[in-house]
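All remarks here apply to the structure that follows.
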Amino acid sequence: MTIDALNPSTRRFDIGGVLGAMGTAIGKNPVTFFGLSLLLLGVPTAILGGVQIFTMGEALRPGYQPRDWGEISRIMAMSGVALLVSLVTTNILQAGLTFGVVSSLRGRTASFQECLSVGLRYFLPALLIGICVGIGVFFGFLLLIVPGVILALGWCVAMPIAVTENKGVFESIGRSWQLTNGYKGQIFVLALIYIGISIVFQMLAGAIGVAFMAVSMQAYMLALQVVIAPLLASVAAVFQSLGAAWFCYVLRSVKEGVGAEELASVFA
């Protein structure tokens with residue numbers, strides 16, 4: 001499977017093709033993609049995990065019940081900080097990896113510095129898109145789950161669109177909905193594959209955690225919060241970000257005949 005497999009004579013949304021092309025892109029840029037994810041997501045997650053252990057202590061133990069409102073407030077505050085950091089770094093990462101995918105489509109390898117530079121350049125619109133989409137999907141899930149799923153699928157390429165088409169926040173969200181129209185089912189199947197892989201990794205992490213629990217609860221929490229969770233988050237973020245970028249390219253290729261050079265023109 002080559003990066004340029006989506007040529008004008010075979011423009012179609014093929015799940016196996018998308019997965020194969022993503023694998024090829026990762027194979028060409030493993031250090032850049034996973035290194036960027038570790039820097040932007042893994043390291044902050046590890047630092048926050050360590051802070052949580054030393055400030056919240058036994059509150060992180062499985063099955064723990066807060067004793068008073070002060071403790072509940074502290075837990076909520078730490079969770080809020082972790083969510084905010086994750087939101088910021090994940091969107092910078094997705095913008096940077098979108099550039100990495102576009103570079104792969106053009107037959108070149110994006111450098112770590114180039115991906116980071118693009119990620120920082122699109123930080124604000126990416127963050128605002130992440131917040132708007134997150135709020136919309138959250139309220140959609142409150143309406144019996146299904147609307148939330150539909151909104152998540154329809155808006156899944158909003159951020160790559162902002163990067164590759166230089167569109168504004170709401171324009172990118174609307175464009176994502178239009179571009180995914182008719183292909184939400186295929187995207188849903190790919191999302192299920194991603195979820196299945198994530199579950200396998202979570203089970204593996206749980207098995208590793210049990211080994212540390214045999215040493216002590218402190219060792220278990222340190223391993224989970226500072227090593228296992230950051231690594232899993234970093235790996236998952238790469239696949240999630242690359243998936244969104246590839247969806248964007250494939251959909252534009254299938255529906256509009258856009259090629260790699262046209263897609264990359266925004267970075268010229």
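The values are calculated or read from the model by the stated rules, or taken from the named source; none is laboratory data. Since we're looking at a predicted model, the values are computed, not measured. Don't worry about glycine lacking a Cβ; one is built from the backbone with ideal geometry, like all the others, and counts go over all protein chains shown.
Against the test of being of a type in the set (A, V, I, L, M), more than 20 Å from the chain's Cα centre (by Cα) and more than 13 Å from A244 (Cα to Cα), the options L151, L144 yield a single qualifying residue, L144. Please go through the range 129-139 and pick out each residue that is over 20 Å from S37 (Cα atoms) and buried (at least 18 other Cβ atoms within 10 Å of the Cβ). V133, V137, listed by residue number.
Could you go through the range 190-202 and let me know if any residue there is hydrophobic (A, V, I, L, M, F, W, C) and at pLDDT below 80.
Checked the range 190-202: at least one residue is hydrophobic (A, V, I, L, M, F, W, C) and at pLDDT below 80.
For the range 108-118, the condition of being in contact (Cβ under 8 Å) with a residue 12 or more places away in the chain, over 26 Å from V235 (Cβ atoms) and either surrounded by fewer than 17 Cβ atoms within 10 Å (Cβ to Cβ) or among the aliphatic types (A, V, I, L, M) (or both) holds for none of the residues.
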